[in-house]
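The values are calculated or read from the model by the stated rules, or taken from the named source; none is laboratory data. Everything numeric here is computed off the predicted structure, so don't read it as measured data. Here the Cβ positions follow ideal geometry from the backbone for every residue, glycine too, while neighbour counts run over all protein chains shown.
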Amino acid sequence: MHPLILAIESSCDETSAALIRNGKVLNNIIASQRIHEQFGGVVPELASRAHQQNIWRVVDQALREANVDVHDLDAIAFTRGPGLLGSLLVGASFAKGLALGLGKPLLDVHHMQAHVLAHFIDDPVPSFPFLCLTVSGGHTQLVVVRNHLNMEVIGETRDDAVGEAFDKAAKILGLPYPGGPLIDRYAQEGNPKRFSFPGADIPGLDFSFSGIKTAFLYFLRDQVAVNPNFIAENLADICASLQRQLVNMLMQKLRKAVRETGIRQVALAGGVSANRGLRAAVHAWASSENIPCFVPELQYCTDNAAMIAIAAHFKYLAGDFADLTVAPLAGMEMERTSA
Ligand code: KG4
Ligand code: ZN
């Protein structure tokens with residue numbers, strides 16, 4: 001079996017298409033939607049419209065660049081959820097139409113599982129079981145990965161996702177959306193010990209990021225009342241100090257999860273795993289503990305169809321197909337137990 005699969009990702013503000021043949025990703029075409037920058041966050045209606053405009057373009061480009069005839073595809077895959085419903089509907093409907101028109105099977109993919117499976121796009125790949133810290137704009141999860149299709153959430157955020165904390169803090173600083181990468185960039189030049197922000201005292205392996213966001217807002221409000229130029233004069237130190245605390249909060253729970261599960265192999269996934277402070281902290285700790293650690297290539301951290309393609313490949317091998325009645329799920333859950 002050497003399946004050739006077209007995968008489509010449209011869960012948020014990235015319209016993406018990828019081809020995979022026999023588990024090898026051939027390409028990964030991404031159209032980012034810059035329209036949201038001016039609104040300080042993703043506007044769902046505008047995202048759906050942009051997906052509708054971009055989807056054929058990215059699929060066509062993926063097929064042409066890989067010199068693949070659409071009739072040679074063995075299956076069509078799409079992101080079923082979680083995500084914005086209007087955005088998901090565009091990808092799902094397009095995939096269904098194509099599958100129906102070509103008479104090919106359909107594969108539905110869980111977006112958060114796909115973030116984890118991005119580790120299987122290129123070598124070296126983790127062995128099972130491993131612990132994955134999935135950090136994105138919508139989720140913050142600690143996942144025990146038993147095999148490609150068997151994952152269990154053992155901890156997650158009780159309020160904001162860490163990517164949301166980065167983006168909201170950036171918005172408070174007057175930076176455009178998405179602010180996470182900008183905080184990362186300014187933090188490179190700053191002193192991470194200049195300011196301190198509170199962590200969160202949440203039991204178990206769950207996270208909370210709403211407290212630090214509020215503390216950050218009040219801290220800046222007080223400082224700006226004294227010095228109206230406070231943000232401009234201290235931007236790098238503010239970003240470095242905030243990032244240090246957010247990374248500490250993630251690392252604290254990751255270390256705890258390793259202790260409690262005894263699983264001594266870790267991975268990062270999701271958009272925030274592009275963060276240089278987090279990547280450096282995980283590498284430093286893992287090497288001091290002699291724990292193998294996996295961090296995805298940057299293009300596979302943020303939303304992309306290559307990760308949907310690799311997940312679809314494993315589902316194809318397992319014979320786990322969807323039928324044409326399948327519907328997107330905005331709040332699609334992964335299995336969760338308490339550790
Ligand atoms: O996985 P992703 O592309 O989309 C979701 O599924 O949510 O993650 C997007 C999130 C945004 O919050 C963005 O600000 C954050 O990832 N992000 C970063 C960095 N690059 C992306 N946060 C901090 N540092 C970065 N370098
Ligand atoms: Zn994502």
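Quick check on this structure: which one of L131, L89, L107 is in contact (Cβ under 8 Å) with a residue 60 or more places away in the chain and assigned to a helix (DSSP H, G or I)?
L89
Within segment 71-78, does at least one residue satisfy the condition of being within 16 Å of A330 (Cα to Cα) and at pLDDT 95 or above?
yes
Restricting to segment 1-48, count the residues that are at pLDDT below 95 and either surrounded by 24 or more Cβ atoms within 10 Å (Cβ to Cβ) or of a type in the set (D, E, K, R) (or both).
Result for segment 1-48: 7.
If R264 satisfies all but one of (1) in contact (Cβ under 8 Å) with a residue 12 or more places away in the chain; (2) within 22 Å of A200 (Cα to Cα); (3) of a type outside the set (D, E), what's the number of the condition it fails?
So the condition that R264 fails would be (2).
Regarding segment 261-273, can at least one residue be identified that is surrounded by fewer than 20 Cβ atoms within 10 Å (Cβ to Cβ), closer than 27 Å to K193 by Cα and either within 16 Å of ligand 2 (Cβ to nearest atom) or at pLDDT 95 or above (or both)?
no
Using the structure shown, decide if A161 is touching a strand residue (DSSP E or B) at 6+ places or on another chain (Cβ under 7 Å) and either within 24 Å of A311 (Cα to Cα) or assigned by TED's automatic domain parsing to the domain that holds I238 (or both).
Taking the combined requirement at face value, the residue satisfies it.
Residues being within 23 Å of A318 (Cα to Cα) and within 18 Å of the chain's Cα centre (by Cα): count how many of those fall in segment 1-56.
5
Which of (1) under 18 Å from D159 (Cα atoms); (2) assigned to a helix (DSSP H, G or I); (3) at pLDDT below 95 does Q299 not meet, given it meets every other one?
(1)
Quickly run through segment 143-159 and pick out the residues that are within 16 Å of ligand 2 (Cβ to nearest atom) and either β-branched (V, I, T) or buried (at least 21 other Cβ atoms within 10 Å of the Cβ) (or both).
V143, M151, V153, T157
Can you run down the residue pairs with Cβ atoms below 9 Å, 6 or more apart or on separate chains, where the first is in segment 290-305 and not assigned by TED's automatic domain parsing to the domain that holds Q61 and the partner is part of a loop (DSSP other than H, G, I, E, B) and among the basic types (K, R)?
Pairs found: N290/R264; I291/R264; P292/R264.
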